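Take a look at the structure below.
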Amino acid sequence: MSIGALNWPQCPERLDGIALILLDLPHEIPREEARLMARAVVRNAAARLLKKHGITLIETPAGPRISEGIHISLSYAEGKALIGLSDERPLGVDIVRIASIPEADALTRLYLPPCGDADFELNWARMEACCKALNLPLAEIDEEREKAYSGCDLPECRQIKGYRMAVAFPARSS
């Protein structure tokens, strides 16, 4: 199964597990303005999904939350915001703009677990999504962190031109 993002203002009628919403932003928008726009979309989407008005976001160190049982994850890249909503379990989402990054090899060695895929941006998005899903700060890779990442479920995510996106869920308890 491959998860695709809906372009806002498209929004599912109901939440069956997960919904991804892609928000187009002006390329030069200040970060704070992008934050406010994304949070307005989260409130609107949650109100549609829960069929309630007046949804209140609660700001936490890990990002916005609502009390009604929808898990939220947000990510920003130049010109885009990716919003992940789940009614099942916590999730992490990340979006990375494809760009020439001279430090990619060094960043790969420091932060990413070994993998056969040479797509730096996709691997970075997966790592960031795992950090968010597991409520971990960004940190250098070590054996413990590699084990934590390997425990994440990473469903296939349909990509869009110029960006890489990833979704992660903590592994289900047995």
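Every number here is computed from the coordinates shown, using simple stated rules; none is lab data. Remember, predicted model here, so these are calculated numbers, not experimental data. Here Cβ is always computed from backbone atoms with ideal geometry, including for glycine, and neighbour counts include all displayed protein chains.
Of note:
- Based on Cα contacts under 8 Å between residues 6+ apart, region 32-89 shows a relative contact order of 24 percent.
- For region 89-174, the C-alpha radius of gyration sits at 1.04 times the compact-globule guess of 2.2 N^0.38 Å, with N the residue count.
- With contributions of -39500 (n - 2.57) from each DSSP H run of at least four residues, the per-residue ellipticity at 222 nm computed over the chain stands at -9000 deg cm²/dmol.
- Charge dipole of the chain (Cα centre as origin; +1 on each Lys and Arg Cβ, -1 on each Asp and Glu Cβ, all else neutral): 740 debye, rounded to the nearest 20.
- Cα centroids of region 146-174 and region 86-111: 10 Å apart.
- Cα gyration tensor category, rounded, prolate or oblate, for region 15-174 with a/c compared to 1.5: oblate
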